[in-house]
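Note sheet for the following structure.
The values are calculated or read from the model by the stated rules, or taken from the named source; none is laboratory data. From a predicted model like this one, the values you see are computed outputs, not experimental measurements. Neighbour counts are summed over all protein chains in view; Cβ atoms, including those assigned to glycine, are modelled from backbone coordinates with ideal geometry.
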């Protein structure tokens, strides 16, 4: 039996570590940490990230709509706001959608570095702002629109500078 096919044991010399493992060891990071930074944002990861952010925004809008209904119902009937919210279909569905977004976010974090994933929440801010004006008929000031657009510009800078 040749030496190359024998298992590595206590009496055999270990293979030389790769340059990436040596660099990670020298900087105190694991080799996984070093390689995770260089992973490109794949189409699947990007879609999962957008789903997580989008479903969180949809869940928030549903929760707000449900709370508007629950507040109105409790004011007219004199019942507890907590009971009205807990029995509101919109609140319950919003919580389910928000829970789904949380699991999608966990799956995203398993694939995408946090420094890339987290700025994408800016899209959620913009989506919620648009939905609050169009669906919930809330008013938004010019400052709110400008601030939200600046946050999205920051997202574009973060994404475009990732290597």
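Couple of notes before you dig in:
- Subset of segment 137-151 [part of a loop (DSSP other than H, G, I, E, B) and either surrounded by 15 or more Cβ atoms within 10 Å (Cβ to Cβ) or in contact with a helix residue (DSSP H, G or I) (Cβ under 6 Å, 6 or more places away or on another chain) (or both)]: 138, 140
- Screening segment 75-130 for helices (runs of 4 or more DSSP H) wholly inside it with 1 or more residues that are in contact (Cβ under 8 Å) with a residue 40 or more places away in the chain and under 30 Å from residue 155 (Cα atoms) returns the ranges 89-111, 114-117.
- Matching entry among 91, 21, 58 (being under 30 Å from residue 160 (Cβ atoms), surrounded by 13 or more Cβ atoms within 10 Å (Cβ to Cβ) and either more than 19 Å from the chain's Cα centre (by Cα) or modelled with pLDDT of 95 or more (or both)): 58
Results for (1) under 22 Å from residue 129 (Cβ atoms); (2) modelled with pLDDT of 90 or more, shown as yes or no for each residue.
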{"position": "5", "(1), (2)": "no, no"}
{"position": "27", "(1), (2)": "no, no"}
{"position": "50", "(1), (2)": "yes, yes"}
{"position": "86", "(1), (2)": "no, yes"}
